[in-house]
Amino acid sequence: MLDTRRGGACCDRCASTAAAVRVARRRLLKAAVFPPDDSQADGGLPAQGGVPAQGGRAPQDVGFPEPGRLPRTIMGRILDVSPHVLAISSGATETRLTLTADATAWRGGPVDPAALFPGDLAVVRLHPVRRGVADRIWANIGRVTGTISNRDGSMLLVDVGGSREREVVAVPSRAASRIQVRFPNLEPGYLIDVIGLRQPDCLEALVPATSQPVYPVSRLPAPPLVSGHVPDSISGSATWHEPAGTPYGLLGVSYPALDPDAGCPEDPASQQAPAFVRMPYLSVGSLLRIRNDCTGTTSVLPVTGCAPVVRLFNDRCLTCGTSPRGRVADLTLASFVALGGELERGCFNATIAIGR
């Protein structure tokens, strides 16, 4: 039996999370009263190919809103589903959404939206133009990113941060070959990043979110030496994480280079992870401009927490071409979807800059 308990600063983490949420909420309310200036929509980020977009916007901008406006994402429990209508509950609010022939869904793999079940926890991306229409649905999707701390057959215990309970990951036989092609070392001390279906007591791993680094965390390679100023914009991959003590609809980003003086209660218990990408220090509440280089969608998001486990990976995203090495942002689930990301793919190629 794998034991998920740990001695950790859970209270510290809850306090830090609550403060981050309050700061992020204030940012969002301010943006709602004072909408961002469209003339600065891209904040100086170059369009794909390094050429500034005409009128300051990337040519493939699909029109998702800035965070001061309502996010085009709904999360909640499915109450009922038919071939044409999806009813979803978010707390005391019930929302009915139209399902068109173009709507798609994922529940461990591509499925017809009508095949989803009442009680499933769904993430729904709304149609970018048509009001009240579901464009994409993910049901019971989950993700575990961290260091394997124990293994018992097909069950893995994963350390996901110094103050969070360890996660249990089950690797079913039908997905074992696919997982082990990308993660051949399912042994303690090695990194894992998998996406799958949330079960009551574990994550059923179905999709490898990246390739496993060849090194165990006890022998992390030294980051490359760099000189000169930190560039105005930084490219790499943007990933997503599940809510942990934060509202499902929170728009924000966990940042890999949070100011050390602020402290990060989620640092892995074993070590301070190095940063493979040179990034400026930011504090909780800072604004970060993030662009999905695959769609051109750009948004300014508040930094709501640290991302120490992200610093352990020195991988690339292959969603559209090949990104530079390193993860530069770990988005909340709602932010990742609003920026046009596909949750089952795990990442998108991204460019970040200090927001303004």
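A few points about this structure:
- Comparison of S254, S211 shows that the only residue that is in contact with a His (Cβ under 7 Å, 6 or more places away or on another chain) and either assigned to a strand (DSSP E or B) or surrounded by 14 or more Cβ atoms within 10 Å (Cβ to Cβ) (or both) is S254.
- Considering the stretch 161-206, and only residues there that are outside any strand (DSSP E or B) and among the acidic types (D, E), the residue that is surrounded by the fewest Cβ atoms within 10 Å (Cβ to Cβ) turns out to be D201.
- Scanning the stretch 87-111 for residues that are in contact with a strand residue (DSSP E or B) (Cβ under 6 Å, 6 or more places away or on another chain) and either of a type outside the set (S, T, N, Q) or at pLDDT below 90 (or both) gives A87, I88, S90, R96, L97, L99, A103, A105, W106, R107, G108, V111.
Okay, residues lined up against (1) at pLDDT 90 or above; (2) over 20 Å from the mean Cα position of the chain (by Cα):
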site: S173; (1), (2): yes, yes
site: D201; (1), (2): yes, yes
site: V214; (1), (2): no, yes
site: P221; (1), (2): no, yes
site: T239; (1), (2): yes, no
site: T246; (1), (2): no, no
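The rows are residues; the columns are (1) among the hydrophobic types (A, V, I, L, M, F, W, C); (2) at pLDDT below 90; (3) crowded, with 23+ Cβ neighbours inside 10 Å; (4) in contact with a helix residue (DSSP H, G or I) (Cβ under 9 Å, 6 or more places away or on another chain).
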| site | (1), (2), (3), (4) |
| --- | --- |
| R278 | no, yes, no, no |
| S283 | no, yes, no, yes |
| L288 | yes, no, no, no |
| L301 | yes, no, yes, yes |
| R327 | no, no, yes, yes |
| S335 | no, no, yes, no |
| G341 | no, no, yes, yes |
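- Among the residues of the stretch 229-247, those that are in contact with a Leu (Cβ under 7 Å, 6 or more places away or on another chain) and either without any contact (Cβ under 8 Å) to a residue 24 or more places away in the chain or part of a loop (DSSP other than H, G, I, E, B) (or both) comprise E242, P243.
- Test: residue in the stretch 132-144 that is among the β-branched types (V, I, T), under 14 Å from C202 (Cα atoms), assigned to a strand (DSSP E or B) and under 19 Å from the mean Cα position of the chain (by Cα): yes
- Scanning the stretch 250-265 for residues that are within 22 Å of L343 (Cβ to Cβ) and either of a type in the set (S, T, Y) or modelled with pLDDT under 75 (or both) turns up at least one hit.
- Selection from the stretch 318-341 of residues that are closer than 19 Å to L121 by Cα and in contact with a Lys or Arg (Cβ under 8 Å, 6 or more places away or on another chain): V337, A338
- Residue match in the stretch 152-160 (condition: surrounded by 15 or more Cβ atoms within 10 Å (Cβ to Cβ), in a strand (DSSP E or B) and over 19 Å from the mean Cα position of the chain (by Cα)): yes
- Filter result (free of Cβ contacts under 8 Å to residues at least 60 places away in the same chain, of a type outside the set (V, I, T) and within 13 Å of D135 (Cα to Cα)) within the stretch 72-108: H84, L86, L97, L99, A101, D102, A103, A105
The values are calculated or read from the model by the stated rules, or taken from the named source; none is laboratory data. Being a predicted model, the structure only gives us computed values, none of them experimental. Note that we place each Cβ from the backbone using ideal geometry, even for glycine, and neighbour counts take in every protein chain shown.
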